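Peer 1: First the structure, which I've put down as structure tokens, then a few questions once you've had a look.
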Amino acid sequence: MSDIATTTDAKLMAGQAFVRARPIVPLPPPLTEAGAIGWVRKNLFSSTLNVALTVVCAALIVWLVPPLVKFLLIDAVWTGTSRVDCLPRPDYPEVGACWAFVIDRINFFTYGFYPIEERWRVNVFFVLLAAGVAWMAWLDAPRRDLGVIYFFVVMPVASLILLLGWPLIGLEKVPTTSWGGVLVTVVVSAVGIVFSLPIGIVLALGRRSRMPAVRLFSVIFIEFVRGVPLITVLFMASVMLPLFVPETWSPDKLLRALVGVSLFASAYMAEVVRAGLQAIPKGQYEAAMAVGLSYWKTMGLVVLPQALKITIPNIVNTTIGLFKDTTLVFIVGIFDFLMTIEASRVDPNWATPGISTTGYAFAAIFYLIFCYGMSRYARFVEARLAAGDRR
Amino acid sequence: MRGVLACVLGGLVIKSVVLRLALAAAVAIAASAASAQTLNTIKSRGGINCGSNGTLAGFGLPDSQGRWTGLDVDFCKALAAAIFNDPNKAKFVPLTAKDRFTALQSGEVDVLARNTTWTSSRDTSLGLNFTAINYFDGQGFIVRKALKVNSALELGDAAVCVQQGTTTELNLADYFRANKMKLKTVTFATSTEALKAYDAGRCDAYTTDASGLAGERLRLANVNDHIILPEVISKEPLGPAVRHGDDQWFDIVKWTHYAMVNAEEFGITQANVDDQKKSDNPDIKRLLGTEGKHGEALGLSDDWAYRIIKHVGNYGEAFERNVGQGSPLKIARGLNGLWNKGGLQFAPPVR
């Protein structure tokens, strides 16, 4: 190829000075700089520290991954009806995860004690919630203004009627003590997340307010809640509160936990939002005031959109923390997802040496999927909102 | 994760002391608030609220579909059968060991059937009334068969795995000291870890309540290599409890258990209860309500005991189904056998 090109050039340019009419075909880059080898050299072995880290990480992967894959997949038991199927046998000496147990128990993990013939209501609730989340999360979705009304008004009311029951329209009452599993985890997290952000924003604004009463209330609330562990809040709500109010006033146990979790998360959210508010340059406030915007318009149109945008990573961080903290409701006897696993692994029908590990592995996978999903979505939103900053 | 949990629970133990003080103060208020109208409340509500344990195999545990099962659960179903002729009118409220007494005091539950040990302080200052003992439990040991130990008295110098911070640990120390044996305890934050350590060979024996032992044993790698020793080193009488202040309700709960025990003694079972109704035996006639007005005196219908046996069965049937030979736990009747068969279950006569 290059030979032909050279001869053609020579013919064209006969008798004149040599002028190259076509660009020379570039040589391939050296093997050590490009392609797989180059990438490895640049990213994994560029310095002594990098080499050391690469070796350590590789060792960790080799050490951890094969046994994990062996336990979770290769040696796992997928079908079975009782503990006997998950016990080591002469022809199956090493038994891994007992997924048959999870499959057998999946209804309990999902619905808890919810009456079997009423479980379709929980499924409908999951669909309603998923639709609402999708509508809100898909930034280019049509009629997102309607979506907000659906998500914050229609869906909660419909879910409440659906889950609790309303005898007037033929839905049997299901007390919250019968709720459990993923249902409770989702309800507690959703309520906590949905309520904590607006309350948190109000508290953050209150803490920066010039009105002393508002500021004092916000400061006391935030500092008090942040100074107390969530377990104490739940514990007080569930153990002490009923002793001091008449039986008929005593709110539902799950409701008490919901209020506790929401208020707790709000205080943390308030501090996250306050950090964002403080990062907005003073000029922004002054500019808004200069064009004659009121306090609420200043906040709503100028400050909060910027403040919330830069705090997205922290808001998501708090949200993920809250999602995992909901497991603490087990301490007041509410059967959340983790508690259903805890109750199932002591079932003598399934008790084997590996059953606890299987249960916890399943819980870990469940929480990993949800938390990773949330964090990836946050990254996407962050990148999209930051498009303006990259110009 | 489990370490954190243990830490948290440890904190709660300390808090429970504070809590107990507060409870004592609150009991006075709550006890006066507890009306003598529990039965009417239950009837107008259309169901009994039972405080239950959701995580104890054989006593209160959800099955794979989320239905409640267990000996304590069956007891509540028996109550519902006696009152409503429908065992499904029993509603179960899962309670933890911490909030169970508050739940009963505050009226959140009508009866606490949650493997609760009958002690003097709970019977008095906590404002509870224990009605009857539906399970005689006690602390037991499990050892490897290979050790060739046949009695707990041969455990001198043995390393024993135990959960720390429990009465189990204290009982263990007391027992070894009383019998002048040297003890080497290996403690763990949770029973799961303690059992794992025993299974891994770090201890010669593992100790916890005998009823729990029967369930936890199944999590050992090789169940048949282990043996539960016959000695029981502590008294743990478990039974349903009610609030102070409502004698009628107290009677109903107490006699529900006695009806089940009497039925077993007379050989009345779920299967033959209809035939037994035609029996000429005056004891059976009184129990099943074909003679006398014994149910009315309780505020129930006269066939209250018939309903219990028809829907739930007698005590022996409930025992075998939940913790005995009909269950994976395979606990022998032992102390829970009838009084005339070497056990302690004794019921006063219906007459």
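Peer 1: Through the Karplus equation 6.51 cos²θ - 1.76 cosθ + 1.60, θ set to phi - 60°, convert the phi angles of region A:137-152 into ³J(HN,Hα) values in whole Hz; use x for Gly and Pro.
Peer 2: Using θ = phi - 60°, the values come out as 7, 7, 5, 9, 5, x, 6, 5, 5, 5, x, 4, 4, 4, 5, 9 Hz.
Peer 1: Using a 10 Å cut-off on Cβ to Cβ distances, tally the other chain neighbours for every residue of A:328-338 and report the average as a whole number.
Peer 2: On the way: counts 2, 0, 5, 7, 5, 14, 2, 5, 0, 0, 1.
Other-chain Cβ atoms within 10 Å of each residue's Cβ, averaged: 4.
Peer 1: How fast does the protein assembly as shown diffuse by Stokes-Einstein, in µm²/s, taking the Kirkwood radius from C-alpha pairs at 10 °C and 1.306 mPa s? Walk me through the numbers before you get to the answer.
Peer 2: Values: Rh = 30.3 Å.
So the translational diffusion coefficient is about 52 µm²/s.
Peer 1: Moving on. For A:ASP145, B:ASP302, B:ASP86, B:ASP110, which order do you get if you count the other beta carbons within 10 Å of each Cβ and list the fewest first?
Peer 2: On the way: A:ASP145 8, B:ASP302 18, B:ASP86 14, B:ASP110 26.
The fewest-first ordering by Cβ neighbours comes to A:ASP145, B:ASP86, B:ASP302, B:ASP110.
Peer 1: Have a look at A:PHE335, A:SER46, A:ALA213 and report the one farthest towards the positive end of the charge dipole of the protein assembly as shown, computed about the Cα centre with Cβ charges (Lys/Arg +1, Asp/Glu -1).
Peer 2: Positive-end residue among those listed: A:SER46.
Peer 1: In peptide A:87-97, what is the residue-averaged number of other protein chain Cβ atoms found within 10 Å of each Cβ? Working shown, then result.
Peer 2: Working: counts 4, 2, 0, 0, 0, 0, 0, 0, 1, 0, 0.
Mean number of neighbouring Cβ atoms from other chains: 1.
Peer 1: Continuing with this model, one more query. Quick one: B:SER279, A:SER189, fewest Cβ neighbours within 10 Å first, how do they rank?
Peer 2: Values: B:SER279 17, A:SER189 21.
Starting with the residue having the fewest Cβ neighbours, the order is B:SER279, A:SER189.
Peer 1: May I ask for the equivalent-ellipsoid semi-axes of region B:152-311, computed as the square root of five times each C-alpha gyration tensor eigenvalue and listed largest first in whole Å?
Peer 2: Taking √(5λ) for each Cα gyration eigenvalue gives 46, 19, 14 Å.
Peer 1: Let me ask something additional. Using a simple charge model, +1 on the beta-carbon of Lys and Arg, -1 on the beta-carbon of Asp and Glu, nothing else, what dipole does the protein assembly as shown show about its Cα centre, in debye to the nearest 20?
Peer 2: On the way: 71 positive and 60 negative charges, 496 e Å.
Value, rounded to 20: 2380 debye.
Peer 1: Within a 10 angstrom radius of the beta carbon, how do B:GLU264, A:GLU118 rank from fewest other beta carbons to most?
Peer 2: Listing B:GLU264, A:GLU118 from fewest to most nearby Cβ atoms yields A:GLU118, B:GLU264.
Peer 1: How tilted is helix A:355-385 with respect to the longest principal axis of chain A? Cα atoms for both, answer in degrees (0 to 90, nearest 10).
Peer 2: 60
Peer 1: Among B:ASN88, B:LEU300, B:GLY313, whose Cα lies farthest out toward the positive end of the dipole of chain B, if unit charges sit on the beta carbon of Lys, Arg (+1) and Asp, Glu (-1)?
Peer 2: Final value for the positive-end residue is B:ASN88.
Peer 1: Pick from A:ALA137, A:ALA364, A:ALA17 the residue whose mean-square fluctuation is largest in a GNM of chain A, springs joining Cα atoms under 10 Å.
Peer 2: A:ALA17
Peer 1: Around B:ILE48, which amide H atoms from residues at least 5 apart in sequence, or from another chain, sit under 5 Å from its own amide H, with H modelled in the peptide plane?
Peer 2: Distant-sequence amide H within range of B:ILE48: B:ALA90, B:LYS91.
Peer 1: Over the Cα atoms of region B:139-234, each weighted equally, I'd like the Debye log10 I(q)/I(0) at q = 0.14, 0.19 Å⁻¹, rounded to two decimals.
Peer 2: For region B:139-234 at q = 0.14, 0.19 Å⁻¹, log10 I(q)/I(0) is -0.41, -0.81.
Peer 1: Using the 4.7 Å Cβ rule, please list in number order the cysteines from chain A without any candidate partner.
Peer 2: Cysteines lacking a close Cβ partner in chain A: A:CYS57, A:CYS371.
Peer 1: Okay, moving on. At q = 0.11 Å⁻¹, what is the base-10 log of I(q)/I(0) for region A:99-390 according to the Debye formula with one equal point scatterer per Cα and no solvent? Please give it to two decimals.
Peer 2: Values returned for q = 0.11 Å⁻¹ are -0.77.
Peer 1: Please find, in a Gaussian network model of chain A (springs between Cα atoms separated by less than 10 Å), the residue of A:GLN306, A:GLN284, A:GLN16 whose mean-square fluctuation is greatest.
Peer 2: With Cα springs under 10 Å in chain A, the top fluctuation among A:GLN306, A:GLN284, A:GLN16 is at A:GLN16.
Peer 1: Using the alpha-carbon atoms, what tilt in degrees (0 to 90, nearest 10) does helix B:71-84 show relative to the longest principal axis of chain B?
Peer 2: The helix B:71-84 is inclined about 10 degrees to chain B.
Peer 1: Something else: So in the protein assembly as shown, what percent of DSSP beta bridges are antiparallel if you round to the nearest 5?
Peer 2: Details: 21 of 38 bridges.
Given both bridge residues lie in the protein assembly as shown, the antiparallel proportion sits at roughly 55 percent.
Peer 1: Between A:LEU301 and A:LYS324, what FRET efficiency follows from the Cβ-Cβ distance if R0 is 41 Å, with the result rounded to 0.05? Mind dumping the intermediate values first?
Peer 2: Values: r = 35 Å, r/R0 = 0.85.
Here the calculated transfer efficiency is 0.75.
Peer 1: What angle, in degrees between 0 and 90 and rounded to the nearest 10, separates the Cα long axis of helix A:2-12 from the longest principal axis of the Cα atoms of chain A?
Peer 2: Compared with the principal axis, the helix lies near 50 degrees.
Peer 1: In peptide B:222-229, how many Cβ atoms from other protein chains are near each Cβ within 10 Å, on average? Don't skip to the answer; put the middle values down first.
Peer 2: Values: counts 3, 5, 0, 0, 0, 0, 0, 0.
The mean count of partner-chain Cβ atoms within 10 Å per residue comes to 1.
Peer 1: How high is the FRET efficiency from A:ASN317 to B:SER125, r the C-beta distance, R0 45 Å, rounded to 0.05? Spell out each step's value before the answer.
Peer 2: Numbers: r = 46 Å, r/R0 = 1.03.
Rounded to the nearest 0.05, the efficiency is 0.45.
Peer 1: Estimate the FRET efficiency between A:THR232 and A:LEU53 by the formula 1/(1 + (r/R0)^6), using the beta-carbon distance for r and 35 Å for R0, to the nearest 0.05. Each step should come with its number before you reach the end.
Peer 2: Values: r = 41 Å, r/R0 = 1.17.
After rounding to 0.05, the efficiency reads 0.30.
Peer 1: Who wins for biggest fluctuation among A:MET155, A:MET339, A:MET289 in a Gaussian network model of chain A, springs between alpha carbons below 10 Å?
Peer 2: Checking each option, the largest mean-square fluctuation is seen for A:MET289.
Peer 1: Give me the dipole magnitude in Debye, nearest 20, for chain A about the Cα centre, with unit charges on the beta carbon: positive for Lys and Arg, negative for Asp and Glu.
Peer 2: On the way: 32 positive and 24 negative charges, 306 e Å.
Dipole size: approximately 1460 debye.
Peer 1: Hey, for a label at A:GLU33 modelled as a point 7 Å past Cα toward Cβ, could you say which residues of region A:43-63 have their backbone N under 20 Å away?
Peer 2: Output list for this probe position: A:43-47.
Peer 1: Suppose we take every Cα in chain B and form the convex hull; what volume per residue is that in Å³? Could you put the intermediate results ahead of the total?
Peer 2: Values: hull volume 51.1 nm³, N = 351.
For chain B, the hull spanned by Cα atoms encloses 146 Å³ per residue.
Peer 1: Hey, another quick one. Could you tell me which residue out of A:SER266, A:TYR367, A:LEU277 lies farthest along the dipole of region A:238-391 toward its positive end? Charges go on the beta carbon: Lys and Arg +1, Asp and Glu -1, centred on the Cα centre.
Peer 2: After comparing all options, I get A:LEU277.
Peer 1: Given charges of +1 on the Cβ of Lys and Arg and -1 on the Cβ of Asp and Glu, with all other atoms neutral, how large is the dipole of region A:32-160 about its Cα centre, in debye to the nearest 20? Don't skip to the end; give the middle numbers.
Peer 2: Working: 10 positive and 10 negative charges, 51 e Å.
Result for region A:32-160 is approximately 240 debye, rounded to the nearest 20.
Peer 1: With label points built 7 Å along Cα→Cβ from the Cα atoms of A:VAL291 and B:THR190, find their separation and express it in nm.
Peer 2: 5.6
Every number here is computed from the coordinates shown, using simple stated rules; none is lab data. Nothing here was measured: the structure is a model prediction, and the numbers come from that model. Ideal geometry is used to build each Cβ from the backbone, glycine not excepted, and the neighbour counts take in all protein chains shown.
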